[in-house]
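The values are calculated or read from the model by the stated rules, or taken from the named source; none is laboratory data. Small disclaimer: the values here were computed from a predicted structure and weren't measured. Virtual Cβ from ideal backbone geometry, glycine too; neighbours counted across all protein chains shown. Remember, those area values only see protein heavy atoms, side chains included, never the ligands or the DNA or RNA. Shrake-Rupley method; radii C 1.70, N 1.55, O 1.52, S 1.80 Å.
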Amino acid sequence: MDSGKLLTDKVADDIVRTIIGRELKPGDKLPNEFELASKLGVGRSTVREAIKILVSRNVVEIRRGAGTFVSARSGVSEDPLGLQFLDDTTRVATDLLQLRFLIEPRLASLAAGNSTPEQLAEMMQLCDACEKKMLAGESFAEENTSFHAAIARASGNVVVPNLAVILCGPSSMMPGTPSQDMRRELARTHREILSAIAARDGMAAYDAMLLHLAQCRRSIAEQSLR
């Protein structure tokens, strides 16, 4: 491996340390290219190549005209479980949901007890963004994943946020598109989860997540019949 490649990898690691040191959250903007180059003592072209590496790892994402932001996928690859190689998308979605039933209600309950005001504000923002796309008939997979990952982060368990991202599954593996009625139900149950967490009611948050996942199961069943 040449020295240029080694330097680029080192700078990529340094940028990750910068993200951690500044406690940047998913959706937060990174310092600009000039600032990073100055801080790390390298050229802007090296920073640019390091950013490309981090984009490929889903650590950061580039938004044209806006800058570079911490990725909502928190470094998790699009399909770490290799689900795209399984033909039966309905079975994949159903089996992922089975795991979510085991994990996410408890995470919602923990979030009700452990979430900070900042985390609650983030969940509210993500819930709004997801609902807007749901009711507009647009794809909401990314916003949905971000909302559930935010709940997992608010639980206080440092391991499960990435697991929540994986369990939501890649959008390409979903069996179809929810009906408008189902979108409204999914949006409503999101709100119920959020309300229970905001009220610090762990049992209600647990139950609300169970209800939401039951609606997800209904949605998968409806889509598979089309």
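Computed values, structure above
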item	result
Taking all pairs of distinct alpha-carbon atoms in segment 137-226, Kirkwood radius in angstrom	13.8
Solvent-accessible area per residue for the chain (1.4 angstrom probe, square angstrom)	53
FRET E, pair residue 34, residue 136, Förster distance 35 Å, beta-carbon r, rounded to 0.05	0.40
Residue-span extension gain [residue 48 to residue 158] - 0.36 nm each, minus C-alpha spacing	36.7 nm
Zero-based 5 Å bins, Cα pair distances in segment 86-150, whole percents	3, 16, 18, 20, 21, 14, 5, 2, 0
For the chain: Kirkwood Rh in Å [reciprocal of mean 1/r, alpha carbons]	18.7
Of all accessible heavy-atom area on the chain, the percent that carbon and sulfur account for (1.4 Å)	54
Accessible-area ranking of 55, 158, 92, largest first, probe 1.4 Å	158, 55, 92
Candidate residues 103, 193: accessible-area rank, largest first, probe 1.4 Å	103, 193
